[in-house]
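The block underneath contains the structure these notes are about, expressed in structure tokens.
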Amino acid sequence: MKTEHEIRHASVQELRAGGGELPTLEGYAAVFDEPSEPIGGMFLEFVDRGAFSRSLASGPDVRALVDHDPSKILGRSTAGTLRLREDSHGLLASITPPDTTVGRDIAESVRRGDVSQMSFAFSVVGQAWEEPEGDQLPRRHLVDVDLHDVSVVTYPAYTGTEISARTVSEYEAAMRQRSALDRQAAQAAYLAHLEVGHPGI
């Protein structure tokens, strides 16, 4: 079952500007098999290889934005000004920015090195959880996602978005059931909670 809108920032990717008067911007919005920082101190997250395959094959209408702000658009997949593909490393984005104030400003910021990283917004269609031995944090694997946008971002850390905070609080509530359930059962309860949903969430 698809989850709500979430945002993740790639903390190790470089965005670079190509040649030309207004250069193409290219970089990885997501990286495969690399652990996130601990999300809310509760779990690590990995993007599995092929997580975007189904979504990209469906020809989605994806935007390229600045800091996930829909008023600051840099490109759009259906217009051919945003090109997306998976390779062995991750989700590669190539953006032809517009000759607008936003486009010129971000191209200059990238050229100077003031902005160098990317992010992606998504909904989860398929996920899997691992429960490592000992005191290691549980691991969430993004197996299949619907891609909503890719963004050039100022800050590469994971964001405290509303859905991210909700995901952490729901997981934490499930973990508190350990007195009655083992951790594996608590995770199952959490995933069932996501699938069923709650009015008003």
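The values are calculated or read from the model by the stated rules, or taken from the named source; none is laboratory data. Since we're looking at a predicted model, the values are computed, not measured. Note that each Cβ is placed from the backbone with ideal geometry, even for glycine, and that neighbours are counted across all protein chains shown. Accessible surface is based on the protein model in full, side chains and every heavy atom, while ligands, DNA and RNA are left aside. Shrake-Rupley method; radii C 1.70, N 1.55, O 1.52, S 1.80 Å.
Taking all protein chains into account, the per residue accessible area for the range 33-104 stands at 49 Å² (1.4 Å probe). Mind running the shape call on the range 37-82? Use the C-alpha gyration tensor, a ≥ b ≥ c as the square roots of the eigenvalues: rounded below 1.5 for a/c, prolate if a/b tops b/c, oblate otherwise. Cα axes put the range 37-82 in the oblate bin. Applied to the range 49-61, the Karplus parametrisation 6.51 cos²θ - 1.76 cosθ + 1.60 on θ = phi - 60° returns per-residue 3J(HN,Hα) values of 4, x, 4, 9, 4, 5, 4, 5, 5, 7, x, x, 8 Hz, with x for Gly and Pro. Per-residue accessible area (protein heavy atoms, 1.4 Å probe) orders Arg54, Arg85 as Arg85, Arg54, starting from the largest. With all protein chains in place and ligands, DNA and RNA left out, the 1.4 Å accessible area ranks Met118, Met42 as Met42, Met118, largest first. Checking every one of the GluC sites (Glu not before Pro) in the range 100-136 against DSSP loop status and a limit of 14 other Cβ atoms within 10 Å picks out Glu133.
Taking other residues whose beta carbon is less than 14 angstrom from the beta carbon of Thr78, and scoring Lys, Arg as +1 and Asp, Glu as -1, yields +1.
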